[in-house]
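Structure record follows, encoded as structure tokens.
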Amino acid sequence: KQLVNTVVRPPRVAYRLSDLGQPRKKVAGDTLEREDFEVVSSRGEALRCSRWRPSKPTDRHVLYLHSNSSCRLAAVRSPLLATAASVGATLVAFDFAGCGVSDGDHVTLGLDERDQVAKVVARILEDSPSAKIVVWGRSMGAASALLYGQKYASQTAVRGLILDSPFRSFDALKNDVLARAAPKAPKCGVACLVCCLRCSVRRRAKGVDVLGVSCEPAARKATKPALFLAGSRDVLAAPATHARPLEALYGGPSTLLVFDGEHNSPRPRWVYDRVRAFLEAAFSDDD
């Protein structure tokens, strides 16, 4: 049960709406107004969302996708909001199903989450038909962004992807863990354990084969500009086995930035400066 929960039921952040701060707040020299709303997933789950709008009307939107044990609070507890505001963009963030205060009781490492992203993108376009969107994902959110881009490749409103600590595949994650923790484990024993885990996870995830998730095909077929970010001391999704090979496979224009940090450590200021430059380029492409 513990192994199954590690995959599809990570620790859930409990918070109140007031933890998101005041509905109006000064950020990066502007006064942003927050609007909270809901979107219903294809499985009928209510996804709790927020958007922070700048005072000047804009078609620029940054859609943030959190990691598997996080929530939309990450938008206000890091320089995310200030970075989006610095380029005059509306920031949209939401809790994936099974996370934060959204409905649901499990995650699927990007497989269901890509469809949730599509629902939120559709809502953005409903409210702002000319929106230009950059999707910024971290860990599971980065995988969701890649998988979204593959399944919904015809969505022209998306102008770029920021992929912070993406994982290559569940298989690669598993191999990294085994190499660190049990390098001499017999292959037959590992295969038996994975088979049992797959069956249990699939039952818990309502038929979704979470252990089969892979971002490699999505990276190969990608065409949107992408900025990959990775911490040099990340042992969960090490750059050498995840971000670097994914960036090498990536079909569109891409850059990989490796910074001194771990999987969950705060990102250095200079990383947000590079993200800001990427956002400006993505939004200004055909202005």
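Here are some notes:
- Within region 9-32, considering residues that are closer than 19 Å to residue 105 by Cβ and in contact with a Leu (Cβ under 9 Å, 6 or more places away or on another chain), the one surrounded by the most Cβ atoms within 10 Å (Cβ to Cβ): 13
- Residue within region 239-249 that is open to solvent by 50 Å² or more (accessible area, probe 1.4 Å) and not in a helix (DSSP H, G or I) present: yes
- Of everything in region 183-218 that is of a type in the set (Lys, Arg) and farther than 24 Å from residue 112 by Cα, the residue that is surrounded by the fewest Cβ atoms within 10 Å (Cβ to Cβ) is 184.
- Total residues in region 240-280 satisfying the condition of being within 28 Å of residue 221 (Cβ to Cβ) and either in contact (Cβ under 8 Å) with a residue 12 or more places away in the chain or polar (S, T, N, Q) (or both): the figure is 27.
- The listed residue being under 16 Å from the mean Cα position of the chain (by Cα), at pLDDT below 95 and either within 25 Å of residue 98 (Cβ to Cβ) or of a type in the set (A, V, I, L, M, F, W, C) (or both), out of 236, 227, 197, 193: 236
- Check on residue 42, open to solvent by 30 Å² or more (accessible area, probe 1.4 Å) and free of Cβ contacts under 8 Å to residues at least 60 places away in the same chain: no
The rows are residues; the columns are (1) modelled with pLDDT of 95 or more; (2) open to solvent by 10 Å² or more (accessible area, probe 1.4 Å).
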position	(1), (2)
5	no, yes
34	yes, yes
49	yes, no
73	yes, no
86	yes, yes
97	yes, no
105	no, yes
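- With respect to being touching a residue at least 60 places away in the same chain (Cβ under 8 Å), among the polar types (S, T, N, Q) and either under 25 Å from residue 8 (Cβ atoms) or surrounded by 12 or more Cβ atoms within 10 Å (Cβ to Cβ) (or both), residue 165 fits the description.
The values are calculated or read from the model by the stated rules, or taken from the named source; none is laboratory data. Nothing here was measured: the structure is a model prediction, and the numbers come from that model. Every residue, glycine among them, receives a Cβ derived from its backbone with ideal geometry; neighbour counts consider all protein chains shown. Accessible surface is based on the protein model in full, side chains and every heavy atom, while ligands, DNA and RNA are left aside. Shrake-Rupley method; radii C 1.70, N 1.55, O 1.52, S 1.80 Å.
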